[in-house]
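A.B. asks: What follows is a structure written as structure tokens; I'll ask about it next.
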Amino acid sequence: MFRVIGGRSVQAVRLLAPRSAVLVEAVRGRKSRNDPVAKSKEGRIKVPPPVDPVEMVVLKERYSEYELILRALRLEFKEEVLRKKYEEETGSQAEERARQEKEEHRALMDWNDQENLQMLKARILRIQKEEEEAESKTVEAAIQREEELQEFIRQKEKEILQLQEEAKNFITLENLDQRIEEALDNPKNYNFAIDKEGSVVKRTVLQ
Amino acid sequence: MVHLSSLLLKSYHSGYVVIRLALAGHKQANRPFYRIVAAYNKRARDGKYIEQLGTFDPLPNIYNEKLVSFNFDRIKYWIGCGAHPTKPVAKLLGLSGFFPLHPMTVTEAERRRAQAKLAETAGGTEDSQEGQQTQI
């Protein structure tokens, strides 16, 4: 009935210090088949509890009654359970409930279809609007591009005109001699002096 | 470690359904409290049950009552489905009036009454004997 514990479990368990020399814990069925009988139980004969025959007769009677009633109750309950199940499935309420459910289902499906139609219309409108916007955007983009092109052309034309005007002053092979003589005739003096007050002096040592 | 049983949703069982007392709340020593429970026969006493059908508190309260509760509707259902109640549950149900009184309840009561009477008469004869002796 009591087991001596030692080894790995001892270290922790020794802390819960029993005052006995040996650590014991309760374990059922300590003796196995071949262990000898204990000294204190050597002459023991196991005797079942005494039965009073009068009481036994009375008890048997009572038990038979009890079992009869219990069997009857069990069958009653079984029948009740079966009846409930039957009524659930094929009773008067079941048909009505099924019908109501079908009605509900149909109504809900109709509502669902209507919702779908409305969403479809909304979707179509939205898609149309988006298409129009896209078209207008492309048109605007085209206009923008054309305008930019025109702008570019104008810029280039301006530059060309300017160049043409400047070309009048260019030095060509025919003008060369003329221009050289002109340049030699009019010496230009680019030198000037400036002081800290900002007054410019153009008169310098002429050459 | 993954418990494969929960993955497979194992729900087959061997044996039959019983209505029995299962110990609840093992956190407190020396304070038992039983649940009246419908469970499969082979399950551990305190293990997974199908449905709880009531309670039983074995320690008497301040008014010296032991409180029991039953869910009679569901008990009827389970007995109709073929559940077996155990002896203590049958006794409790008998005391409650749902079942007929268990024969052992009656016999135990009779035995105890006989014992009490015996003890009373023995005490009475002793007292009378003592009284006579003192008189003498």
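A.B. asks: Could you pull out the residue among A:Asp110, A:Asp52 that is among the acidic types (Asp, Glu), within 12 Å of chain B (Cβ to nearest Cβ) and surrounded by 10 or more Cβ atoms within 10 Å (Cβ to Cβ)? Break it down into steps so the answer makes sense when it comes.
C.D. replies: Values: A:Asp110 fails: within 12 Å of chain B (Cβ to nearest Cβ).
Step by step, each of A:Asp110, A:Asp52 is checked, and only A:Asp52 is among the acidic types (Asp, Glu), within 12 Å of chain B (Cβ to nearest Cβ) and surrounded by 10 or more Cβ atoms within 10 Å (Cβ to Cβ).
A.B. asks: Turning to a different aspect of this structure: One residue is enough: does the stretch B:4-22 have a residue meeting the conditions modelled with pLDDT of 95 or more, aliphatic (A, V, I, L, M), out of contact with any strand residue (DSSP E or B) (no Cβ under 7 Å at 6 or more places or on another chain) and not in a helix (DSSP H, G or I)?
C.D. replies: For the stretch B:4-22, residues modelled with pLDDT of 95 or more, aliphatic (A, V, I, L, M), out of contact with any strand residue (DSSP E or B) (no Cβ under 7 Å at 6 or more places or on another chain) and not in a helix (DSSP H, G or I): absent.
A.B. asks: Among what's in the stretch B:44-99 and is among the acidic types (Asp, Glu) and closer than 24 Å to B:Gly25 by Cβ, pick the residue that is surrounded by the fewest Cβ atoms within 10 Å (Cβ to Cβ).
C.D. replies: For the stretch B:44-99, the residue satisfying everything is B:Glu65.
A.B. asks: Looking at the stretch A:88-104, is at least one residue within 14 Å of chain B (Cβ to nearest Cβ) and either under 33 Å from the mean Cα position of the chain (by Cα) or acidic (Asp, Glu) (or both)?
C.D. replies: Checked against the condition, which is being within 14 Å of chain B (Cβ to nearest Cβ) and either under 33 Å from the mean Cα position of the chain (by Cα) or acidic (Asp, Glu) (or both), the stretch A:88-104 yields at least one hit.
A.B. asks: May I ask you to say which residue of A:Leu149, A:Leu173 is without any contact (Cβ under 8 Å) to a residue 24 or more places away in the chain, of a type in the set (A, V, I, L, M, F, W, C) and loosely packed, with under 10 Cβ neighbours inside 10 Å?
C.D. replies: After ruling out the rest, the residue left standing is A:Leu173.
A.B. asks: Assigned to a helix (DSSP H, G or I), free of Cβ contacts under 8 Å to residues at least 60 places away in the same chain and surrounded by fewer than 10 Cβ atoms within 10 Å (Cβ to Cβ): is that true of A:Glu166 in this structure?
C.D. replies: Here the answer is yes, as A:Glu166 does meet what is asked.
A.B. asks: Just give me the residues in the stretch A:60-69 being more than 7 Å from chain B (Cβ to nearest Cβ) and hydrophobic (A, V, I, L, M, F, W, C), in sequence order.
C.D. replies: Hit for the stretch A:60-69 is A:Leu68, nothing else.
A.B. asks: With respect to A:Lys129, is the statement that it is under 47 Å from the mean Cα position of the chain (by Cα) and within 30 Å of B:Gly80 (Cα to Cα) true?
C.D. replies: no
The values are calculated or read from the model by the stated rules, or taken from the named source; none is laboratory data. Since this is a predicted model, take the numbers as computed values, not measurements. Note that we place each Cβ from the backbone using ideal geometry, even for glycine, and neighbour counts take in every protein chain shown.
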